[in-house]
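Inspection log for the structure reproduced underneath, given as structure tokens.
FYI, it's all coordinate maths here, none of it is from the lab. On a predicted model such as this, the values are computed, not experimentally measured, just so you know. As a convention, Cβ positions derive from the backbone with ideal geometry for all residues, glycine included, and neighbour counts pool all protein chains shown.
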Amino acid sequence: MKKIGLFYGTSTTKTATIAKKVQEAFGDVKIDIIPVEDAWKKDFEQYDNIIVGVSTWFDGELPTYWDEVKPELETLNMKGKKVAIFGLGDQVKYPDNFVDGIGILAEAFENVGAKIIGLTATRGYTFDHSVAVRGDKFTGLAIDFENQHSMTDQRIKDWVEQLKKEFD
């Protein structure tokens, strides 16, 4: 398997927790963790397989660190690269924009040529709308830490097994 870079914001505790669980679920596969706050264009471009972690803030917004990096993402050449996204959201308090951060980043990476992998089913979640949904799938792994915490570890395990097959 090609080298994997995992980018996430280290300032959000829950996203950092999920990133660590994702890294551990890969077992012996080497995954480089890069804080998105410190990431530069060259950091993203050096990996063919990328995992990104994002939470959704307020009414469907990217957290500050991803919001600041997004303009740089729009200048990348990601042709031939695979990107898997996990995102955190609250389907009870924010049912109209549940895990929108996943969808926002999926679109940004696709616009620069990346292939989004790791899509997951929307069944098992209750929400009204999400820009992360295409058909009946999220464009990544949706985690609701607040309301479905007991499902988190299994969802991560299943997602990582899926990624192992989808990454080269």
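Brief remarks follow.
- Distance distribution P(r), segment 80-145, all Cα-Cα pairs, bin width 10 angstrom from 0: 25, 56, 17, 2 percent.
- Considering only A132, A142, I117, the residue lying farthest towards the positive end of the dipole of segment 4-166 is I117, judged by Cα position with unit charges set on Cβ.
- Cα-based shape type of segment 4-166, given that a ≥ b ≥ c are square roots of the gyration tensor eigenvalues and the cut on a/c is 1.5: rounded
- FRET E, pair K3, T75, Förster distance 22 Å, beta-carbon r, rounded to 0.05: 0.50
- Estimated 222 nm signal from helices in the chain, with DSSP H stretches of n ≥ 4 weighted -39500 (n - 2.57), rounded to 500: -10000 deg cm²/dmol
- Mean separation of Cα contacts under 8 Å (6+ apart) over length of segment 41-93, as relative contact order %: 53 percent
- Relative contact order of segment 4-166: 22 percent, from C-alpha pairs under 8 Å at least 6 residues apart in sequence.
- The dipole here belongs to segment 1-117: it is taken about the Cα centre, uses +1 on the Cβ of Lys and Arg and -1 on the Cβ of Asp and Glu, and is about 580 debye.
- Listed residue pairs exceeding 25 Å between alpha carbons, taken from K2/K157; K2/K41; K20/K79; K14/K164; K81/K164; K3/K79: K20/K79
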